[in-house]
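Below is one structure; the comments refer to it alone.
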Ligand code: 2HG
Ligand code: ZN
């Protein structure tokens, strides 16, 4: 750790003197590590990294930043895909990774109180220790932090059963840009006493305050489940099979990917589960607590085969097989990373999915004739991920320019279908130019107004979500 005199920047020397427990890093390797997220598009260039161990230090850092007008980038696991945690312009990165403990469990309220830097996996484990679950779940569970999940209102693979992160936040402690500590909702189940500022903070991408403590609701574990992989003949079958399975089974997850996605994930070490190649695949998990439930699943499967909506399928016979099926879906992001994908993360109402898919497919095949495009996602809740893979011989800047052009067209298509340009990854830096396709001018003006009240000097994550 640098000594006081090591800080040539007088503001940092002052911060170090005010907060002796604060860890402050300025080594180039640390600046690079903490200054980027999974987008890898911007060159990290933060001023320094501050790692507080307690709430008082977060208050002190934000008070200091407000006084000196230093921009602050709140930082969790940096697994974000929209650039929300990127520090490329001399910002102070405020990493919450040292604040990663479980603070308490309340068996009556069935809540778990945690610090923001705890990983989603550690939250799952802690809930399980008490015979309960924290039901938000997705592939980055081991590295993402709960603070980041709250900042983006993270969704994931079980939204059709449990909803998004927002549903599971009973209370939040938040430090504002001027260093004030707010205790929002205090885990009350009923609280009809004015604006619920807790919900304003959820999904605000670190522009309205820094979450320093969260009280999470927990749920009963679901009944035993079965996992199935289905092969489908065409895009139309996706929603036909979804309607069939949803009406007959109690679904916990319904995810899809294409043959192109499967090609990449198999090349990256996953095991093939269905012989032959089919254009679409579904991984679905449903309650299977008794024989009647398993019979219903089989009957639904057979009906889908008779209708020609399903061409093949396998049911996992063990937890290991279920994990292998899930790997085909959950391993996609990692298997694509080396191709520097440009990512779209869009949503429409479930009822609008078929018509939107139709238009979207036409648009993508017209606009990317020679570029590989990989689709997958949470089709059961209307959320599609589109990953456009950069051809090796194409210049980075040309590739981004082409993808941004197509994203403008995609945003228009989404507008026509009443959808959103960001379903669960947030707007960050990547999608801020498209915010107006999802939100009206009046809404954006109100958002700016709210931001101005909570962060008068624009020190919290400036340039993310919208330009100040
Ligand atoms: C997922 O659903 C994540 O696996 C990542 O949201 C999606 O890599 C992506 O585009
Ligand atoms: Zn996703």
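The values are calculated or read from the model by the stated rules, or taken from the named source; none is laboratory data. Just so you know, these numbers come straight off a predicted model, no measurement behind them. Note that we place each Cβ from the backbone using ideal geometry, even for glycine, and neighbour counts take in every protein chain shown.
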Discussion item. For segment 107-124: of the residues being surrounded by fewer than 19 Cβ atoms within 10 Å (Cβ to Cβ) and more than 18 Å from residue 97 (Cα to Cα), which is nearest to ligand 1 (Cβ to nearest atom)?
Written reply: 110
Practice prompt. Specify the residue that is surrounded by the fewest Cβ atoms within 10 Å (Cβ to Cβ); the eligible residues are those in segment 316-326 that are in contact (Cβ under 8 Å) with a residue 24 or more places away in the chain and more than 15 Å from ligand 2 (Cβ to nearest atom).
Written response: 321
Practice prompt. Examine segment 400-422 for a residue that is buried (at least 18 other Cβ atoms within 10 Å of the Cβ), on the phi > 0 side of the Ramachandran plot, at pLDDT 95 or above and within 13 Å of ligand 1 (Cβ to nearest atom), and state whether such a residue exists.
Written response: no
Item to complete: For segment 349-468, please list each of the helices (runs of 4 or more DSSP H) lying entirely inside it that holds at least 1 residues being within 16 Å of ligand 2 (Cβ to nearest atom) and more than 20 Å from the chain's Cα centre (by Cα).
Response: 353-367
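Residue-wise test of (1) surrounded by 14 or more Cβ atoms within 10 Å (Cβ to Cβ); (2) part of a helix (DSSP H, G or I).
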site: 302; (1), (2): no, yes
site: 309; (1), (2): yes, no
site: 328; (1), (2): yes, yes
site: 333; (1), (2): yes, yes
site: 336; (1), (2): yes, yes
Item to complete: Please verify whether segment 161-173 includes one or more residues that are over 15 Å from the mean Cα position of the chain (by Cα) and free of Cβ contacts under 8 Å to residues at least 24 places away in the same chain.
Response: no
Item to complete: Go through segment 133-183 residue by residue and tally those that are in a strand (DSSP E or B) and within 16 Å of ligand 2 (Cβ to nearest atom).
Response: 2
Practice prompt. Quick one: count up the residues across segment 245-269 that are within 23 Å of the chain's Cα centre (by Cα) and closer than 30 Å to residue 295 by Cα.
Written response: 9
Item to complete: Considering only residues that are part of a strand (DSSP E or B) and buried (at least 24 other Cβ atoms within 10 Å of the Cβ), look in segment 69-106 and name the one that is nearest to the chain's Cα centre (by Cα).
Response: 75
Worksheet item: Can you tell me which residues in segment 154-176 are on the phi > 0 side of the Ramachandran plot and within 12 Å of ligand 1 (Cβ to nearest atom)?
Response: 156
Discussion item. Take the conditions farther than 24 Å from residue 277 by Cα and either more than 16 Å from ligand 1 (Cβ to nearest atom) or modelled with pLDDT of 95 or more (or both) and apply them to residue 312. Does it pass?
Written reply: no
